[in-house]
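**Student:** Sharing a structure here in structure tokens format.
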Amino acid sequence: DSNNGPGAAKYSSYNAKLHARQAAAGEFRIAKIKSNFNASSFEMYDTGLNPTNAPGVMHARRQLGAVRFDKLQSDTFRRKAKVAVPAVGHNRRPTSRKEHLFERLYHGDSTVVPLVNHVPGRSTYLPRLLDFQGMAMCSSVKNMMLHDPRDPEGEPAFVLGKINRHMFNCYFKEPISPAMAFALGLASVSSYVNPAS
């Protein structure tokens, strides 16, 4: 369920729901994903209310994750992604900007897990597929493999791989939940940073 329309501002906003038939009624929403004005940064929330409209803190929304995309200088085929997700059992209901995930990560909060993408060494067609170990069939800047930079093994926690013109594979594991994985996938395919492929 997208809030984008003809003539709309250049940003993305989605409501992820369990079934399309409930979309009009506003029921069964599992997550909301919204970008900044140039779609280089996304925040994901659960079904709670904006804290300014919530009658109490327990009705406020939890932040499921946040992602930022950056261009690589002089390279239109690759991009960097930085992701912050809450550690399992540490979803908070932020009531101010300083309680958001990237702010908490910046201040050394150990209950926030940082994830970064593996950036291919070269921008040519074939290496961008080899980097994904068979989990992507098409070369695309939207292909994304995330890992915790603190993990010496660098084992992927999230992989989004394009398999044809309109389809992507998505693989994920703890600390990423199904709702977070779906939101991260939408953020990747919606980002206007290096959108060419």
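**Student:** Can you tell me which residue among ALA16, ALA84 is in contact with a strand residue (DSSP E or B) (Cβ under 6 Å, 6 or more places away or on another chain), in a strand (DSSP E or B), at pLDDT 80 or above and small (Gly, Ala, Ser)?
**Tutor:** Answer to the selection: ALA84.
**Student:** Among the residues of the range 30-74, count how many are part of a strand (DSSP E or B), over 21 Å from LEU105 (Cα atoms) and touching a residue at least 40 places away in the same chain (Cβ under 8 Å).
**Tutor:** Number of matching residues: 4.
**Student:** Then there is this: Looking for whichever is in contact with a strand residue (DSSP E or B) (Cβ under 6 Å, 6 or more places away or on another chain) and open to solvent by 30 Å² or more (accessible area, probe 1.4 Å) here; the options are PRO94, PRO51. Which one fits?
**Tutor:** Only one candidate qualifies: PRO51.
**Student:** Restricting to the range 48-75, count the residues that are closer than 19 Å to ILE176 by Cβ and either at pLDDT below 80 or within 13 Å of the chain's Cα centre (by Cα) (or both).
**Tutor:** 7
The values are calculated or read from the model by the stated rules, or taken from the named source; none is laboratory data. Since the model is a prediction, treat every value here as computed from it, not as a measurement. Cβ coordinates were reconstructed from backbone atoms using ideal geometry, including for glycine residues, and neighbour counts include every protein chain displayed. Surface accessibility is based on the protein's heavy atoms, side chains included, excluding ligands, DNA and RNA. Shrake-Rupley method; radii C 1.70, N 1.55, O 1.52, S 1.80 Å.
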